[in-house]
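Below you'll find the structure, written out as structure tokens, and then a few comments.
The values are calculated or read from the model by the stated rules, or taken from the named source; none is laboratory data. Every value quoted in this text rests on a predicted model; they were computed, and no experiment measured them. Cβ atoms come from the backbone with ideal geometry, glycine included; neighbour counts cover every protein chain shown.
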Amino acid sequence: MTHQSFEPLPPAPAMPAASKRPFYKKKLFVIPTTVVLLGIALGSCGGGGKSGSVDSSPSSPAASTAAAPAAAAQAPAAEAPATQAPAPAPAAPKAPAAPTVGKPFSVDMRNGDVAKITIVSAVRTQSVSTTAFATPPKNGSYLLLDVLWETSAGETSSNPFYFTAKDKAGRKADQNLFADNQLGSGSVMPGDKSRGLLAFDVAPGAVTVMISNPLMQEAARIQIPG
């Protein structure tokens with residue numbers, strides 16, 4: 001039979017008090033930490049100062065390099081309106097002047113034949129003949145034309161029937177075929193001339209005289225003042 005012991009247990013040995021950390025070890029830890037923090041603060045201040053000086057300096061290389069392309073890009077834009085201005089339209093060719101009394105004008109008689117005609121004068125008269133065939137005008141007076149016919153190209157033929165006249169109301173005038181010194185009918189070679197008179201019994205006022213080609217198609221016209 002086992003005997004139980006009732007003797008009191010010996011007390012647990014007391015734990016040694018935590019030794020205090022030497023003071024010089026604490027100081028070594030604080031000093032490096034302080035130095036690191038101070039270095040970071042100084043580095044931040046120094047970096048901020050350099051950034052401000054670069055941005056605010058107008059003479060820095062970076063600012064000059066950036067300004068040069070900007071100025072070059074703006075120069076063509078300023079000249080663009082002048083370069084893109086539309087060119088003036090070419091002047092339209094002037095229409096040939098209308099034939100007038102006293103000045104020669106050309107008439108195309110077909111097939112390369114060109115006549116040069118001049119209405120030398122246009123007068124109003126009561127009589128155009130001294131023969132027995134003379135008749136008084138029915139419309140108040142005769143329009144008497146002095147006509148000069150020449151050839152500019154090819155071969156042309158003068159003919160009193162190539163000429164017709166209308167008054168200002170568009171009514172056709174009667175031609176007096178018995179006028180003295182009437183324009184002859186026949187070929188006019190280059191260098192030759194044919195000259196004669198044409199008489200129209202037409203109302204007073206402006207008159208339009210038409211010249212036809214051998215096919216009796218109108219080839220030119222001239223206005224005779226009233």
Point to revise | Among the residues listed as PHE133, PHE161, the single one being more than 45 Å from the chain's Cα centre (by Cα), under 19 Å from SER212 (Cβ atoms), surrounded by fewer than 17 Cβ atoms within 10 Å (Cβ to Cβ) and not small (Gly, Ala, Ser) | key: PHE161
Revision key, fill the gap. The strands (runs of 3 or more DSSP E) lying entirely within the range 125-171 that contain at least 1 residues which are in the same structural domain as ALA203 (by TED's automatic domain parsing) and of a type in the set (D, E, K, R) are 142-153, 163-167
